[in-house]
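Derivation of every value follows stated rules applied to the coordinates shown; laboratory data play no part. Predicted model, so just to flag it, every value in this text is computed and none were measured. No Cβ is skipped: glycine too gets one built from the backbone with ideal geometry, and neighbour counts run over all protein chains shown.
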Amino acid sequence: MGATEPDGVDIFTDGACSGNPGPGGWGVVLRYGDHERELHGGEAATTNNKMELTAVIEGLAALTRPMPLVRVHTDSTYVLKGITEWLHGWKRNGWRTASKQPVKNADLWRRLDAERARHGEVRWEWVKGHSGHPENERADKLACKGRDEARR
């Protein structure tokens, strides 16, 4: 594949929250070949986990057509384990955890599952946060921007 036909879309995501709950924001860097787009947003009263999930949802939702390959890069082990390890069991158990408790943020997990289903293969890649990874640092700045805007 050449420069005119990228091998997939990369989505770099991050969430930020001051207090938990408190004002929070999410940030996304989308990359498709040579094309990039940045997104951000926030909420006045939220949690860090909600912002991490929202970043991924918004990144996937921003793709205007189904893609054969999407790589989601996240520094959230909550998002990564939720989507790769826990989601199947939650759905099987009627959105209850193994201990029969309601799944926290089930509305967001359902939205994430629906956005993921629009695309071919979605690969989930963990990135160590605040470690100098350029796109993760950009996503973090966008998330902080969203949080700061939500504060106002």
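Overall, the range 1-125 carries a charge dipole of about 800 debye about its Cα centre when +1 sits on the Cβ of Lys and Arg and -1 on the Cβ of Asp and Glu, all other atoms neutral.
The number of Lys pairs in the chain with C-alpha atoms less than 21 Å apart, excluding pairs fewer than 8 positions apart on the same chain, is 14. For the pair TRP95 and HIS130, what calculated FRET efficiency results from E = 1/(1 + (r/R0)^6), where r is the Cβ-Cβ distance and R0 = 41 Å, to the nearest 0.05? Once rounded, the FRET efficiency stands at 0.80.
Put in line by how crowded their Cβ is, counting other Cβ atoms within 10 Å and starting with the fewest, SER18, SER76, SER99 read SER99, SER18, SER76. Over the range 12-152, the Kirkwood radius and the radius of gyration, each from Cα atoms, give a ratio Rg/Rh of 0.97.
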